[in-house]
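The values are calculated or read from the model by the stated rules, or taken from the named source; none is laboratory data. Everything numeric here is computed off the predicted structure, so don't read it as measured data. Positions of Cβ are backbone-derived with ideal geometry, glycine not excepted, and every protein chain shown enters the neighbour counts.
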Amino acid sequence: MEGARQAGLPNCLAFEADASCLDSILHSEKMAFRRVVKGTVLLGGGALTAVFGIAQLADYRKKQVTLGCLAAAEPWRQHIQYELPSREAQLLTLQNTKEFDILIIGGGATGCGCALDAVSRGLKTALVEREDFSSGTSSRSTKLIHGGVRYLQKAIMNLDVEQYRLVKEALQERANLLEIAPHLSSPLPIMLPVYKWWQMPYYWIGIKAYDLVAGSQCLKNSYVLSKSKALELFPMLKKDQLVGAIVYYDGQHNDARMNLAIALTAARYGAATANYTEVLHLLKKTDPESGKVHVCGARCKDVLTEQEFDVKAKCVINATGPSTDSVRRMDNQEVENICQPSAGVHIVMPGYYSPDNMGLLDPATSDGRVIFFLPWEKMTIAGTTDTPTEVTHHPIPREEDINFILTEVRNYLSTDVAVRRGDVQAAWSGIRPLVIDPNSKDTQSIARNHVVHVSESGLVTIAGGKWTTYRSMAEEAVDAAIKAHNFKAGSSRTIGLVLEGGNDWTPTLYIRLAQDYGLEIEVAKHLASAYGDKALEVAKIAKVTGKRWPIVGRRLVSEFPYIEAEVRYAIKEYACTAIDVISRRTRLAFLNVQAAEEALPRIVEIMGKELQWSEQKKMEEMEAAKQFLYYEMGYKARSEQLTDQSEISLSTSDMDRYKKRFHKFDKEKKGFITVVDVQRVLESIGVQMDANTLHEILTEVDVNKNGQVELNEFLQLMSAVQKGYVSSSRLAAIMKTAEENLDQRNPIPVDRSGGGV
């Protein structure tokens with residue numbers, strides 16, 4: 001501790017001296033919680049308030065001990081690198097550093113959180129990630145920063161003080177995350193519709209308890225809505241039997257860019273971080289005095305160049321999420337698995353399915369799960385499922401999970417809103433790493449929170465938990481590393497440590513971007529929210545459009561505010577592949593797979609020029625990105641809605657109508673149409689469309705891939721459109737428009753119309 005005093009760090013001996021006092025406080029808290037919650041059952045809401053009053057008091061007393069320790073600390077200052085080191089420079093640091101204090105394996109939220117926590121304590125820190133930062137579970141969440149209303153319900157119903165503490169911790173972390181990354185996160189009102197009178201007081205007590213647990217960190221107070229007011233705020237809601245609604249607040253964020261912001265902040269503080277760097281095996285050495293074997297680093301490989309090298313470190317932290325057990329087996333092949341992977345599927349639908357600023361919570365689905373229905377990035381996100389699965393680096397959303405979510409959404413939306421399978425713009429599956437605590441006597445039960453475990457050889461494993469608590473998980477993991485390896489370092493510094501882009505961000509930054517650079521308002525708002533104060537750097541490299549307005553900022557696709565300059569800036573943010581750009585630097589793949597595919601050629605062209613890719617490399621990037629969209633982002637499930645086995649379920653009148661429409665294009669009665677046929681009809685009504693675009697449009701419907709669309713394929717398409725399995729079919733829209741134009745140009749003569757008025 002003497003070294004800590006000399007460094008001006010807080011003296012934590014006082015904290016240690018009060019350990020027994022803390023134990024007493026926590027024991028009292030637990031007993032008080034149990035006694036008073038039992039009373040709640042009899043005494044109702046007033047007793048409930050007393051429960052949380054007592055718990056808050058105990059929590060306050062606990063805080064005073066900790067804050068007394070932190071108050072002695074001098075203001076923390078550490079050198080920040082204003083220019084991010086390149087990936088090549090980071091790799092050289094990994095290779096040439098004699099020994100790091102801590103090497104973290106895993107570039108998800110927890111791993112990057114560990115890197116930031118360790119480097120901010122003055123420890124020499126390295127981090128490696130096999131793929132891209134946030135390429136796994138951390139980019140595939142529900143996008144919420146929340147304490148967990150459902151967990152609080154379980155805490156009360158089961159008299160579970162530990163579950164209560166989990167909610168309390170998550171709500172504290174929620175407040176911190178909203179503070180340190182204000183550009184990437186914001187409060188979101190979430191509506192809980194009520195369809196039975198007796199549920200209103202039940203849900204109201206639960207939601208008010210949620211506010212009370214948050215205490216001074218409550219984002220905004222929850223409130224009750226009448227039926228009419230609920231429908232005014234959420235007009236898509238099912239009206240029948242609606243009693244009213246309760247609105248509460250949680251946080252929402254851009255998860256992949258939040259993860260990236262943590263990684264970039266760690267890099268600016270001096271951590272050597274490298275994506276696409278795979279750990280092949282752990283390095284070990286034997287202590288000559290004790291004879292014990294210790295983990296002392298890892299053999300790594302640059303995935304992009306295949307170069308292998310050693311990274312030496314006094315301590316290794318395993319923060320690999322679903323891959324936790326594979327790294328643990330590198331340490332000890334005999335160790336039993338602790339990870340119980342569970343797949344959670346989400347879908348994205350058009351923005352008109354939800355209000356711009358109001359989410360929806362279904363607290364009890366048909367199988368007992370919870371479904372969120374939330375506005376996100378001008379679209380609507382719905383999920384999640386919870387299905388046991390195998391660990392894979394490339395999870396694929398299942399059609400049955402997509403349909404389950406759609407069914408639950410239908411249960412809450414008005415019958416006026418047709419919830420169509422064809423409206424699913426993107427779908428993905430994320431693997432949640434539920435864990436069994438190896439420190440527990442009961443090794444079969446799933447841990448409700450995260451676990452930190454130190455192996456006999458000194459490998460520190462952090463697993464489980466959730467996005468919201470990444471910072472406290474990282475703090476606990478680094479604390480365990482410091483204790484296990486006798487590092488001289490102070491307490492965590494990450495509470496209140498502002499992340500990349502947050503320092504000079506203001507809610508009106510987008511106005512400056514529009515005024516100073518001539519960006520579209522929508523684009524300016526997007527850049528300000530995605531990059532924070534770094535948006536100015538993106539705007540500076542934006543190319544002139546050649547138009548009167550906007551002056552700069554060429555869009556990648558017309559319907560989304562992503563611009564070409566972001567592709568160039570993404571390379572500075574360690575993007576190495578086209579997939580990195582469409583999925584994690586921008587969120588295009590998560591919002592609309594077809595739009596992402598449309599943007600790919602330009603993205604690959606820009607990256608190829610910046611990174612000097614060969615033509616062969618460009619082709620490989622295009623193919624890899626298309627495979628990613630097809631399997632992992634739901635394109636496969638979407639395309640399978642129309643196959644050569646699809647049924648044709650049309651009425652006789654509809655069948656005749658669609659055959660007539662088809663024959664307007666198939667003048668020769670061949671039984672099929674080609675690009676030439678469609679082009680001929682379009683030119684006759686004054687519409688010009690290039691052959692390549694028409695070929696793409698026909699390919700979407702050409703299920704047997706023979707270069708033409710048969711009558712049967714067209715009828716399958718129109719049947720699928722009627723059922724809602726397919727929406728936004730370009731060929732269907734073109735043929736309908738062309739038919740209407742042709743009919744207007746050729747009115748039916750009166751003498752053949754059968755008379756009439």
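Would segment 534-543 turn up any residue that is under 23 Å from Ala109 (Cβ atoms) and not assigned by TED's automatic domain parsing to the domain that holds Asn449? Within segment 534-543 (the criterion being under 23 Å from Ala109 (Cβ atoms) and not assigned by TED's automatic domain parsing to the domain that holds Asn449), the answer is yes, since at least one residue qualifies.
Taking (1) within 23 Å of Lys98 (Cα to Cα); (2) surrounded by 24 or more Cβ atoms within 10 Å (Cβ to Cβ) in turn, Asp255 satisfies each apart from (1). Among the residues making up segment 666-703, those that are over 23 Å from Thr643 (Cα atoms), of a type in the set (A, V, I, L, M) and in a helix (DSSP H, G or I) are Val676, Val681, Leu682, Ala691. Sub-7 Å Cβ pairs linking a first residue in segment 310-339 that is within 18 Å of Met473 (Cα to Cα) to a second residue that is part of a helix (DSSP H, G or I) and β-branched (Val, Ile, Thr), at least 6 apart or interchain, are Asn318/Thr324; Asn318/Val327; Ala319/Thr110; Thr320/Val327; Gly321/Thr137; Pro322/Thr137; Ile338/Thr324; Cys339/Thr324, ordered by first then second residue.
Being among the hydrophobic types (A, V, I, L, M, F, W, C), assigned to a loop (DSSP other than H, G, I, E, B) and under 28 Å from Gln217 (Cβ atoms) is the filter here, so list the residues in segment 447-499 that pass it. Explain how you work it out, then say what you get.
Our first condition is that a residue be among the hydrophobic types (A, V, I, L, M, F, W, C); within segment 447-499, this holds for 447, 451-452, 454, 459-460, 462-463, 467, 473-474, 477-478, 480-482, 484, 487, 489, 495, 497-499.
Now narrow it down to the ones that are assigned to a loop (DSSP other than H, G, I, E, B): 447, 459, 487, 489, 495, 497-499.
Ala447, Ala489, Ile495, Leu497, Val498, Leu499, listed by residue number.
When Asn503 is tested against (1) outside the structural domain of Val581 (by TED's automatic domain parsing); (2) among the polar types (S, T, N, Q); (3) surrounded by 15 or more Cβ atoms within 10 Å (Cβ to Cβ), exactly one condition is not met: (3).
Criterion first (aromatic (Phe, Trp, Tyr), crowded, with 22+ Cβ neighbours inside 10 Å and touching a helix residue (DSSP H, G or I) at 6+ places or on another chain (Cβ under 6 Å)) does Tyr574 satisfy it? Taking the combined requirement at face value, the residue satisfies it. Quick check: anything in segment 487-499 at pLDDT 95 or above, of a type in the set (Gly, Ala, Ser), surrounded by fewer than 18 Cβ atoms within 10 Å (Cβ to Cβ) and outside the structural domain of Arg585 (by TED's automatic domain parsing)? Yes, there is a match, as at least one residue in segment 487-499 is at pLDDT 95 or above, of a type in the set (Gly, Ala, Ser), surrounded by fewer than 18 Cβ atoms within 10 Å (Cβ to Cβ) and outside the structural domain of Arg585 (by TED's automatic domain parsing). Of all the residues in segment 174-191, those that are acidic (Asp, Glu) and within 17 Å of the chain's Cα centre (by Cα) number 0.
Of all residues in segment 593-604, at least one satisfies being in contact (Cβ under 8 Å) with a residue 40 or more places away in the chain and of a type in the set (S, T, N, Q). Right, Leu360: modelled with pLDDT of 95 or more, surrounded by 23 or more Cβ atoms within 10 Å (Cβ to Cβ) and not charged (D, E, K, R) or not? Yes, satisfied. A single member of Ala595, Ala625 is buried (at least 24 other Cβ atoms within 10 Å of the Cβ) and not acidic (Asp, Glu), and it is Ala625.
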